[in-house]
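Report on the following structure.
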Amino acid sequence: MDAERPLASPCVHICALDEEDICIGCQRSVAEITRWSRMDNAERRQVLLLCQARAEAKGVLL
């Protein structure tokens with residue numbers, strides 16, 4: 001069985017942090033951004049769910 005391909009970064013190249021240190025472009029925290037390359041797909045899926053929840057809470061679309 002082939003290994004699963006790594007999930008792509010949600011970066012949209014709008015890289016600026018809000019007052020809570022969350023990127024206004026992708027909705028990831030600084031820690032999530034810096035760890036992304038070392039995460040497995042399960043961790044990445046969890047982060048993507050958090051990003052979606054953050055975007056919904058702020059009323060922004062990903």
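Here, each number is a calculation from the coordinates, and none is a lab measurement. Note that the structure is a prediction, hence the values are computed from the model and not measured. No Cβ is skipped: glycine too gets one built from the backbone with ideal geometry, and neighbour counts run over all protein chains shown.
Points to keep in mind about this one:
- Scan of region 30-56 for residues that are among the aliphatic types (A, V, I, L, M) and loosely packed, with under 12 Cβ neighbours inside 10 Å, ordered by number: Val30, Ala31, Ala42, Leu49, Ala53
- Cβ-Cβ under 8 Å pairs, at least 6 apart or on other chains, region 1-30 side within 16 Å of Arg54 (Cα to Cα), far side among the hydroxyl-bearing types (Ser, Thr, Tyr) and in a loop (DSSP other than H, G, I, E, B): Cys26/Ser9
- Qualifying position, being part of a helix (DSSP H, G or I), out of contact with any Cys (no Cβ under 7 Å at 6 or more places or on another chain) and not hydrophobic (A, V, I, L, M, F, W, C), among Arg5, Arg45: Arg45
- Looking across region 31-46, not a single residue is in contact with a helix residue (DSSP H, G or I) (Cβ under 6 Å, 6 or more places away or on another chain) and in contact (Cβ under 8 Å) with a residue 24 or more places away in the chain.
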